[in-house]
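The values are calculated or read from the model by the stated rules, or taken from the named source; none is laboratory data. Since the model is a prediction, treat every value here as computed from it, not as a measurement. All Cβ positions, even for glycine, are placed from backbone atoms using ideal geometry, and neighbour counts span all protein chains on display. When the accessible area is computed, the model is the full protein with side chains, heavy atoms only, and any ligands, DNA or RNA have been set aside. Shrake-Rupley method; radii C 1.70, N 1.55, O 1.52, S 1.80 Å.
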Amino acid sequence: MFRRRNNSHHEQGADEQLQKVNELRTSLGPLSGRSLQYCTDACLKRYLVARSWNVDKAKKMLEETLKWRATFKPEEIRWHEVAMEGETGKLFRAGFHDRHGRTVLILRPGMQNTTSIENQMKHLVYLIENAIINLPEGQEQMAWLIDFTGWSITNNVPIKSARDTVNILQNHYPERLAVAFLYSPPRIFEAFWKIVKYFLDPITFQKVKFVYPKNKDSVELMKSYFDMDNLPTEFGGKATLNYDHEEFSRLMAQDDIKTAKWWGFEKSHTIANGLSSSEVAPEPNRLASPAEA
C-alpha cells in the first residue's frame, strides 16, 4: 500500500491510468465512425501521457486531432497520390526495425525533389500512418533516422516545412515517436536548429538525439538501438542502403489494401470486388467527427 502511494504524480498506476482513460472517454461524449475507431484506449492513453495525465488538456488535444483528421483524412491518402514525392527516397519506411521492434522511417532532406509543402506534408502523413500499421503487436512507437548528406540551409528545408512537420507529429501523433536520430548534421545545421527547437515541446525535444560518427557515446547509442548488420552505412552500420522506388511502390500498394481493411472501407459497399479502395471509401457525412456532428 505504501509503495503505491510513493508513485510520483506522473507515474500513474494501472488502475489510475484506466480511470483517467475512462474519464477522458466520458468527457469526449458519443463518438461515431472513424473518430470512434481512432479513439481506442491505447490512443486515449497516448494523449493523456502527452499532457501529463491532465484529462482536460488531453481532451482539448484529442478534439483538435479529430477535427484535423476529419479535414485532412490521413487514412484515405493512397500511395499513388504521393508517390512522386518519394521518387528520390527522401522519406521512406526502412526494411528493418530497431531492437525494440519499432518501425523505422528514414529521412534524407538533402534529396528534396519538390516544392509544394502541402504535398510534402501529405507524403509525410501517409508514411507516419504507414509506419503505424506496420508496428508489431505491443509496440506503439516509431524511430526516425535523419541523414544530412547533401543538405544545405538554402535549398532544402524551409523553416515552414520543419515547423509543419513538428506540429503534425507533436499535435496529432503524440507518443508515436520514440526517438529521432540526427546523423552527422553539418555545422550550418546548428543555426537552423536554433530556430526549429523552439517549435518542440519538452517531451519531443528529449527524443531528438544528435549523432556524430567520431563520438564514442554516439556510436554506442546507435548500437543500443540498432543491430549494426541492419543499419545502413549512412548511419554508421554495415548494411547497404538501396532505395528502389518501384519496389517500395509495390509494398505501399499492398499496404494500402491493409489500410483500407483496417478502416473497414471495403465493408461499406456490398460489391467491393474490382473497385479501388478509394472508390469504396465510406460516405464522409456518415463519419463526421464530433466537431462536425
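Report yes if some residue within the range 132-142 is within 16 Å of A253 (Cα to Cα), touching an Asp or Glu at 6+ places or on another chain (Cβ under 7 Å), open to solvent by less than 10 Å² (accessible area, probe 1.4 Å) and not aromatic (F, W, Y); otherwise report no.
Looking through the range 132-142, none of the residues is within 16 Å of A253 (Cα to Cα), touching an Asp or Glu at 6+ places or on another chain (Cβ under 7 Å), open to solvent by less than 10 Å² (accessible area, probe 1.4 Å) and not aromatic (F, W, Y).
Any residue at all in the range 186-208 that's part of a loop (DSSP other than H, G, I, E, B) and open to solvent by 50 Å² or more (accessible area, probe 1.4 Å)?
Among the residues of the range 186-208, at least one is part of a loop (DSSP other than H, G, I, E, B) and open to solvent by 50 Å² or more (accessible area, probe 1.4 Å), which makes the answer yes.
For the range 21-41, enumerate the residues that are in contact (Cβ under 8 Å) with a residue 60 or more places away in the chain, out of contact with any Leu (no Cβ under 8 Å at 6 or more places or on another chain) and open to solvent by 40 Å² or more (accessible area, probe 1.4 Å).
Once the filter is applied, which keeps residues that are in contact (Cβ under 8 Å) with a residue 60 or more places away in the chain, out of contact with any Leu (no Cβ under 8 Å at 6 or more places or on another chain) and open to solvent by 40 Å² or more (accessible area, probe 1.4 Å), the range 21-41 yields P30, Q37.
Test of understanding: among I128, I132, which residue is farther than 19 Å from V49 by Cα and among the β-branched types (V, I, T)?
I128
Quick one: Y183 ticks every box in (1) more than 18 Å from the chain's Cα centre (by Cα); (2) closer than 23 Å to Y225 by Cα; (3) surrounded by fewer than 19 Cβ atoms within 10 Å (Cβ to Cβ); (4) not aliphatic (A, V, I, L, M) bar one, so which box is it?
All conditions pass for Y183, except number (3).
What pairs come up if the first residue lies in the range 172-183 and is at pLDDT 95 or above, the second is assigned to a strand (DSSP E or B) and open to solvent by less than 20 Å² (accessible area, probe 1.4 Å), and their beta carbons are under 6 Å apart, counting only those six or more places apart or on different chains?
That search, which allows pairs on different chains as well, returns A178/A143; V179/A143; A180/W144; F181/L145; F181/V211; Y183/D147; Y183/V211.
Quick one: which of E75, E64 is surrounded by fewer than 18 Cβ atoms within 10 Å (Cβ to Cβ), at pLDDT 95 or above and in a helix (DSSP H, G or I)?
Exactly one residue qualifies, and that residue is E64.
Can you pull out every residue in the range 229-246 that is of a type in the set (S, T, N, Q) and touching a helix residue (DSSP H, G or I) at 6+ places or on another chain (Cβ under 9 Å)?
Answer for the range 229-246, where residues must be of a type in the set (S, T, N, Q) and touching a helix residue (DSSP H, G or I) at 6+ places or on another chain (Cβ under 9 Å): just T240.
Kindly establish whether S289 is closer than 27 Å to F72 by Cα, in contact with a Leu (Cβ under 6 Å, 6 or more places away or on another chain) and at pLDDT below 50.
Considered against the rule, which asks whether it is closer than 27 Å to F72 by Cα, in contact with a Leu (Cβ under 6 Å, 6 or more places away or on another chain) and at pLDDT below 50, S289 comes out as yes.
Answer yes or no: is there a residue in the range 150-162 that is closer than 24 Å to E76 by Cα and in a strand (DSSP E or B).
Checked the range 150-162: no residue is closer than 24 Å to E76 by Cα and in a strand (DSSP E or B).
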